[in-house]
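These notes are about the structure you will find just below.
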Amino acid sequence: MRSPLAGAFTVLALLLSPLSAPARAATTSGQNPANYISTRPGPGRFPLVSAPVVTSANDYPGVQRVAGDLRSDLGAATGVTPSAGQDAIPAGRDPIIVGTIGRSTLVDRLIAAGKLDTRGVAGKWETSLQQVVEHPLPGVRRAFVIAGSDQRGTIYGVYDVSRRIGVSPWHFWDDVPVPHADALYALPGRHTQGTPKVKYRGVFINDENPDTGTWAPAFFGPGKAPGYPGGLNANYYAKVFETMLRLKANYLWPAVWGRAFAEDDPANHATASYYGVVMGTSHEAPMMRGIEEWNRHPTGTGEWSFRRNPEAIKDYWRAGIERMRDQDIEGVVTLGMRGNGDVSLPDGDGIDLMSSIIDTQRQILTEEGMLGAPQVQTLYKEVQRYWDKGYRPPDDVTVVFCDDNWGNMRKLPDPSLPARSGGYGLYYHFDYVGDGRNYKWVDTANLTNTWEQLNRAYRSGVDRLWVANVGDLKNEEEPAQFFLDYAWNPDAIPLDGIKDWERRYAAENFGTSMAADIAEVLSRYGVLQSRRKPELLNRRITVDPAKDLTTDPTAVVYDDQGNPFSLTDYREMDRVVAEWQALAARAERIKARVPDAWQDAYFQLVHYQVKATANLYELRRAEFTNILYAAQGRAATNDLADQAEARFATDQALNAHYNTALAGGKWKDWQLQPKIGYGNVARYGPNAPWQQPELNNVALPDEIYPYLQRIEVPAGAALGVALDGGDATTLPEFSPWQSQPQQYVEVYNKGTTPFAYTITAEQPWVHVTPAAETVDKQVRALVSVDWRRAPAGLTVVPIRVEGAGSAVVVRAPVRNPGIRPRGFAEANGYVSIPATGFDRKAGSWRVLPGIGKTGDGIMPAGAGDARLDYRVTLTSTGPVKINALLAPRNGQLRYAVSVDGAPPQVIDAVAATGAVDTTMNRQWARNTSDNVNVTSTTHQIATAGTHTVSFWALDSSVILQRLIVDTGGVKDSYLGPPTSRRF
C-alpha cells in the first residue's frame, strides 16, 4: 500500500503542472487546465504559502466568506493557514488580494494605478482574473491578485485557485483529501477562465427521499419550521451552495417534497444571498414559492385552482414576490402553473387559461416593482402542449425546454422563429421519479449521450439557463460536474475531449497515477449502466405482435416478474453479468492501489456504484435462473436461491458499510435507496410498477421480487435436458461464420442421486465434449462441428442423450455455405451489423463512442445526402426484415433503408412505433427504458451471395446503433444478437 503522501504528489503532478510560458490562459478549471499554479519556484513566481489573504471591507459578504475558504484550502494543502487582512497589508508581507472590480477599494486602486489590466474582464458576467502584480501598492513588493468582474466572478476566481492547488469540489460530499504540498507558487502572467457561455447554470435537489431526507436532518440538525423537523436547514444548504460555487454553478432549485425552502429555516434565503447563489423554484412552483408552502397554509377554498380559488392563489403568489423584493433575493421567477403533486392542472389545459395565469403573474410583478427580475416558463411534461398549440409567453421570459425525463430532449427552438430577448433554457434529468420506473439509486448517465444532447441544445441557441435534476447531488457527482463544466464552456469539451475530461475528473480526486485507470472504469461503467437502469432489472417489456402499436395501448406489455436479459438466447445474461464482473474486478484492483487516506473517497465516487451494481446483476441472474430451474424441476434450483440470497447479503453489507463505517460514520443512514423490491403490487399497491417500495425505505430479505422459489428434490435420479437457446428439441443452427458462442447441451438431474450420461451424435464430424460424464446436479456439454468434413448445404444431425434410464434425441442443424463470404456474414439466421461497420459513406458523419447498447453510434454531422453502405453475405433468399436500432430520440426520427439499390423505404421511427413523448405513452416508456427505438422494413432477396444494405439518416437527430438483418433466426433478447463476423 502506498502512502497518502505518494497520492498527494500524483495529484499535484497534474494539478500543478506549470504553463510553458506566462501567456494569458483562457481555460476552464476541470476542462482544459493550463495551470498557473506550480510546486516549483521560478522567475516571477509568487509564493502562496503563508501569504496573507487580504480583502476590502466594502466588498461583498460572499467575497469575504470565500477568502476564508481560500485560507482554509491553503492551510489544508500546505499545513500553514494564512492570516487574514482587511484593506491593510501586513508590513513586509506579499499578500494575496481578493476583490471585486468596482467594489474592492484595493482592486480599484490597482486598476487606477495601471497595475492591473482588467480588459476583457471588467463589465463581464461572472468573469475572473488571476495575476501576479509587481509593486502593486506603496511598500508592497508584489501581490497575487484574484479579481472578479462581479461577486461570483471573484468567488469563481478564488475557487479556481483552490481546485488548482488540489481541493476537489467534492471534498465535503465525498471526503476527498487535499494532497499536501510543501510549496505552492502562482506563475507570472495574466490568467482568466473566461466568461460562462450559459448565463444561469444550476441543479435541482429533487426526489431527495430517503437519502437526503433521512441523513441531512440528523447530520445538520432539523429544520426550524414548527411541526416540520425534517426540513433542510441553512447548514445543509451552505454545503450545497459551496459545492455549487466550486463547480461554477450559480442557480438552485431547492428540495420540494414535503419541504419549503423559505420556511424550513428562515435563514435559508439569507444564506443563499450570503453565498451569492441565485434561487429559483421548480416547474411546479411559480412565483418564488415552493408548493409545500401552499400545502401547509392553504387559503380560500384550499384548492390549488386558479379558476375556483383565484384570489387566494393571487395573494399567495404576491407574498412570494414581496418576500423576494423585501429580502433582496437574487432569483429567477418561475411563471405558469401546474397541478399540485407534479401533475397537470385540474382546471384544463386551454391556452386561454395559461395566458390568463401568466398575465396575472406579470401584473403582480409589475405592481410589486419586480417585472425586471428574470423569468422563466418551463415546458415540463404537459406544459409543452401550450407551446405546441401556439402559446408564447412575453418575449423577455426565458422558455425552458425539457428532456423526457430520460435524457432525450423533447423540443428545441425552431430556427425560423424570431429571437427572444429572454432566450431559451433547458431542464435535464440524471435522476427521476415516474414511468417507466424511478431511477434514483446510483449514477446511470452515459456522458456521450449527455454531451450529444447538450451540444445539440447549445448549438440550437439554448444558452440562457440550464438546470439538471441531480437527485440528492451526492450519487450524481460525475454527471453533475460534466453538465456544469459543459455549460460554462461547451467549446472546451468537444466530442473527442470527453475521455480527457474523464481523466481530469479522476485526477482531480485521485491523482494522475490512477487517473487513466479510474477514468476507464467510470467510462465503461457509464456505458454498461446506461443500457438499462438497475431499478428495471426485474421488468420485462414486450410487444404483442398481434396488436397495432400505434393505436392499441395494450400492445406493449409490462411484466414486473420478467428478466429483460435472456437467460437462454445468445447467453445474454451470462455475457452481461461477465462484463459487470470484469469491471468490478478492475475496480477492486485499483482499490488495492488507492492510498489509505483516499479509500473513503474511492468507495463513494467509484467502488460502491460499480461493485453494488455488478452484485445486483449477479443477484438477478441467480434469481431468474432459480425461477427457470424451479419450473424444470432441477436439482440445482435451491442452490440458485442460496446464491441470490448471498448476493442480497452482499448488497446489504455494502449498504451497511456506507451507513455505519464510511468516513467514521459521517454518512449514517445515507444509503437507503431501494432498488430491488420494485413491482410488488400485492405489497405496495397500484403505483408499485414504477414507484419505489416504501417499507422502511430499505429492501428487506423478502423484497427480492419476484420471489425466489424452493422445491423438494425427490430421491433417485431423473434425466433432464436443456438446449442452448431454450428450445426443447433443436439447437441453434451451426455455421462456420457464426460469432455466437459454441452451442451446448445441458444435462441436468431432477433427483438427488447422481447418474451417468452419454451423448452420441449421429455424424462423426459433430463432436460433443464431454460426451460421457457423471451428473450430480448438471453438466454442460459443448457441441462443435469439424467443418473440413461437414457436407455443403444444410444437414440436420440427431444427437442422442441417455442417462438415468431414459433417453432424449435432439437435433443439430448444420449449415455449411457453398459461397465465399464478403462483409458481414449471415449465420444462425441473422446478420448483426454495428453502426460503424460501414464500407462506404456519403456525406459527413459523427461517431458517438459508447452511446449504443452494444457499441458506438453514428449520426449525420451536416446537411446533404448522409448515406452509409454495408456489405453483407446472405445464405437466405426471399423476404428478410432489417431492424434499425436507433437512440430513442423524440420528434421526427426519419431514416431510409434499401438493399442493392432498390427504392429506399422511408420510416419515421417515432411515428411507426407510436412512441410519442407528449403523452408519455407505453411505447415511449418502453423505448426509454430499453434505451433504443427499434423499427423494421421488409426486403426481398432474390439470390444468396453478397449484397449491399444502404442506410440514410433523413433527420439530424437520427443516431444509428445497429442494423440487424433478420433472415428468420433472430431470437428474443434485450441487446439483440451478437455482432456477426466480418470477412
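The values are calculated or read from the model by the stated rules, or taken from the named source; none is laboratory data. Everything numeric here is computed off the predicted structure, so don't read it as measured data. When we count neighbours, we look across all protein chains shown, and the Cβ atoms used for this are built from the backbone with ideal geometry, even at glycine.
The set of residues in region 52-83 that are over 26 Å from TRP170 (Cβ atoms) and in contact with a Lys or Arg (Cβ under 6 Å, 6 or more places away or on another chain) comprises PRO52, ASP59. Taking ASP315, is it at pLDDT 95 or above, over 32 Å from the mean Cα position of the chain (by Cα) and either outside any helix (DSSP H, G or I) or within 27 Å of GLY227 (Cα to Cα) (or both)? Yes, satisfied. Looking at VAL442, VAL467, just one residue is of a type outside the set (Lys, Arg), within 17 Å of PHE401 (Cα to Cα) and assigned by TED's automatic domain parsing to the domain that holds THR334, and that residue is VAL467. ASP727 falls short on exactly one of the conditions (1) modelled with pLDDT of 95 or more; (2) touching a strand residue (DSSP E or B) at 6+ places or on another chain (Cβ under 9 Å); (3) charged (D, E, K, R); (4) in a loop (DSSP other than H, G, I, E, B), and that condition is (1). The number of residues in region 905-962 that are among the polar types (S, T, N, Q), at positive phi and touching a strand residue (DSSP E or B) at 6+ places or on another chain (Cβ under 7 Å) comes to 0. Put simply, of ARG142, ARG71 the only residue that is more than 41 Å from the chain's Cα centre (by Cα), of a type in the set (D, E, K, R) and at pLDDT 95 or above is ARG142.
To keep it simple, each residue is scored yes or no on (1) surrounded by fewer than 24 Cβ atoms within 10 Å (Cβ to Cβ); (2) aliphatic (A, V, I, L, M).
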| residue | (1), (2) |
| --- | --- |
| ARG152 | no, no |
| ILE155 | no, yes |
| TYR185 | yes, no |
| THR195 | yes, no |
| PRO222 | yes, no |
| GLY230 | yes, no |
| LEU245 | yes, yes |
| VAL256 | yes, yes |
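Residues that are in contact with a Lys or Arg (Cβ under 9 Å, 6 or more places away or on another chain) and surrounded by 15 or more Cβ atoms within 10 Å (Cβ to Cβ) within region 796-825 comprise VAL797, ILE799, ALA804, VAL808, VAL810, PRO821, ARG822, GLY823, PHE824, ALA825, listed in sequence order. None of LEU723, LEU731 is closer than 14 Å to VAL785 by Cβ and surrounded by 17 or more Cβ atoms within 10 Å (Cβ to Cβ) except LEU731.
Kindly indicate whether GLU330 is out of contact with any strand residue (DSSP E or B) (no Cβ under 9 Å at 6 or more places or on another chain), closer than 26 Å to ALA272 by Cα and in contact (Cβ under 8 Å) with a residue 24 or more places away in the chain. In short, no. Scanning region 164-173 for residues that are in contact with a Lys or Arg (Cβ under 7 Å, 6 or more places away or on another chain) and surrounded by fewer than 24 Cβ atoms within 10 Å (Cβ to Cβ) yields PHE172, TRP173. Give the residues of region 529-580 that are in contact with a Gly (Cβ under 6 Å, 6 or more places away or on another chain) and assigned to a helix (DSSP H, G or I), sorted by residue number. Result: ASP569, single match.
Annotation: of all residues in region 435-452 being more than 23 Å from VAL521 (Cα to Cα) and not charged (D, E, K, R), the one that is modelled with the lowest pLDDT is GLY436.
Do we have any residue at all in region 742-754 that's within 42 Å of the chain's Cα centre (by Cα), over 16 Å from ALA718 (Cα atoms) and part of a loop (DSSP other than H, G, I, E, B)? Yes, region 742-754 has at least one match.
The residue that is nearest to ASP69 (Cα to Cα), among those in region 121-139 that are out of contact with any strand residue (DSSP E or B) (no Cβ under 7 Å at 6 or more places or on another chain) and at pLDDT 95 or above, is GLU126.
It is to be established whether one or more residues within region 604-621 are more than 27 Å from the chain's Cα centre (by Cα) and of a type outside the set (Phe, Trp, Tyr). There is no residue in region 604-621 that is more than 27 Å from the chain's Cα centre (by Cα) and of a type outside the set (Phe, Trp, Tyr). Considering only region 808-819, I want to know if a residue exists there that is within 48 Å of the chain's Cα centre (by Cα) and basic (Lys, Arg). Within region 808-819, one or more residues are within 48 Å of the chain's Cα centre (by Cα) and basic (Lys, Arg).
Does PHE510 satisfy being within 15 Å of the chain's Cα centre (by Cα) and aromatic (Phe, Trp, Tyr)? In short, no. Would you say ALA519 is in a helix (DSSP H, G or I), among the small types (Gly, Ala, Ser), in the same structural domain as GLY423 (by TED's automatic domain parsing) and under 18 Å from the mean Cα position of the chain (by Cα)? Judged against the criteria, ALA519 is not a match. Against the test of being closer than 19 Å to PHE430 by Cβ and polar (S, T, N, Q), the options ASN268, ASN206, ASN233, ASN295 yield a single qualifying residue, ASN206. If you go through region 458-501 and keep only what is assigned to a strand (DSSP E or B) and surrounded by fewer than 24 Cβ atoms within 10 Å (Cβ to Cβ), you end up with VAL462, ASP463, ARG464, ASN469.
Out of the residues in region 103-117 meeting the condition of being modelled with pLDDT of 95 or more and assigned to a loop (DSSP other than H, G, I, E, B), tell me which one is surrounded by the most Cβ atoms within 10 Å (Cβ to Cβ). That would be SER104.
Here's the yes/no breakdown for (1) under 23 Å from ALA218 (Cβ atoms); (2) in a helix (DSSP H, G or I); (3) among the β-branched types (Val, Ile, Thr):
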| position | (1), (2), (3) |
| --- | --- |
| ILE627 | no, yes, yes |
| ALA631 | no, yes, no |
| ARG634 | no, no, no |
| ALA641 | no, yes, no |
| ALA646 | no, yes, no |
| ASN655 | yes, yes, no |
| TYR658 | yes, yes, no |
| LEU662 | yes, yes, no |
